[in-house]
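Visitor: I'd like to ask you about the structure that follows.
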Amino acid sequence: MLLQAIIFGAFMLVLCVLIHSGGTAALVRYFRYESRFAKRIFGDFTGILALSCIAVFLLCLHILQVLLWAGVYWGLINSPAITSFADAFYFSIITYTTVGYGDIVIAGEGRLLSGIESMIGILMFGWSTAILFMAVQKIWFDQSSS
């Protein structure tokens, strides 16, 4: 049971990495093409607009991953604490963000998976932070060189 949970957690990590890497690759490709066009239209506000769009897009990637985990809790983990998909989503988002209020507590194999979800959430938020930092650096460099 322990080994199964770890293997399944590794599978979920791969899915989350695929979602995040696909999303960030599309984001980089899009902004590489659109930045020249947007600069002519928005001028000095291009950087703020780009950062806002990047932040919203990254949030959507995180929500997609939370929904994936919520599906696991709702469909695969038999826990009396999770009585609806809304409960599963709430538990998943609290776990993914490592807030962990403790008002919904699951037992059995779900406990180990929730710990793995927290570790994956930390990794994905670190990745998103790196993307935002890279964008700020690029905007700063572009503005200082022009």
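Visitor: About the Cα centre of the chain, how large is the charge dipole given +1 on each Lys and Arg Cβ and -1 on each Asp and Glu Cβ? Please answer in debye to the nearest 20. Each step should come with its number before you reach the end.
Guide: Numbers: 7 positive and 7 negative charges, 122 e Å.
About 580 debye.
Visitor: Moving on. Would you kindly derive the ³J(HN,Hα) couplings of the stretch 6-16 from the backbone phi angles with the Karplus curve 6.51 cos²θ - 1.76 cosθ + 1.60 (θ = phi - 60°), listing them in order in whole Hz, with x for Gly and Pro?
Guide: Result, rounded to whole Hz: 5, 5, 5, x, 5, 4, 5, 4, 4, 4, 5.
Visitor: How do LEU3, LEU113, LEU68 rank when sorted from fewest to most other Cβ atoms within 10 Å of their own Cβ?
Guide: Working: LEU3 7, LEU113 22, LEU68 16.
Listing LEU3, LEU113, LEU68 from fewest to most nearby Cβ atoms yields LEU3, LEU68, LEU113.
Visitor: Run the quick spin-label model on SER84 and TYR33: label points 7 Å from Cα toward the beta carbon, then report their separation in nm to one decimal.
Guide: Distance between label points: 4.1 nm.
Visitor: Within the stretch 50-88, name every residue whose backbone N is under 19 Å away from a label modeled 7 Å from Cα of SER144 along the Cβ vector.
Guide: Once the point is set 7 Å along Cα→Cβ of SER144, 51 turn out to lie under 19 Å by backbone N, inside the stretch 50-88.
Visitor: What are the extents of the Cα atoms of the chain along their three principal axes, in Å, largest first?
Guide: Principal extents (largest minus smallest coordinate, Cα): 59, 27, 20 Å.
Visitor: Here's something else I'd like to know. Rank by packing, highest mean first: peptides 127-137, 97-107, with packing defined as the count of other Cβ atoms within 10 Å averaged across residues. Intermediate results must be reported in sequence, preceding the final value.
Guide: Details: 127-137: 14.5, 97-107: 12.6.
With the highest mean Cβ count within 10 Å placed first, the list reads 127-137, 97-107.
Visitor: Additional query: Can you compute the modelled spin-label distance between PHE8 and PHE133, with each label point 7 Å from Cα toward Cβ, in nm?
Guide: With each label point 7 Å from Cα toward Cβ, the separation is 3.4 nm.
Visitor: Continuing with this model, one more query. Quick one: among TYR96, TYR33, TYR73, which has the greatest mean-square fluctuation in a GNM of the chain with alpha-carbon springs under 10 angstrom?
Guide: TYR33
Visitor: Net charge around GLY71, counting only other residues with Cβ within less than 15 Å of its Cβ (Lys, Arg = +1; Asp, Glu = -1)? If you can, show how the numbers build up before the last one.
Guide: Details: positive: none; negative: ASP87, GLU117.
Within the 15 Å Cβ shell, the charges total -2.
Visitor: Quick one: if the Förster radius is 41 Å, what FRET efficiency do VAL56 and MET1 give, using the C-beta to C-beta distance and rounding to 0.05?
Guide: Details: r = 39 Å, r/R0 = 0.96.
Between VAL56 and MET1 the formula returns 0.55.
Visitor: Something else now. Starting from the exponent 0.38 and prefactor 2.2 Å, build the expected Rg for the stretch 63-142 from its residue count and divide its actual Cα Rg by it. Could the numbers behind the result be given before it?
Guide: On the way: Rg = 15.4 Å, N = 80, 2.2 N^0.38 = 11.6 Å.
Computed over Cα atoms of the stretch 63-142, the ratio equals 1.33.
Taken together, the values in this text are just the output of simple stated rules run on the coordinates, not laboratory data. These numbers were taken from a predicted model, which means no experiment stands behind them. Methodologically, a virtual Cβ is constructed for each residue, glycine included, from the backbone with ideal geometry; neighbour enumeration extends over all protein chains shown.
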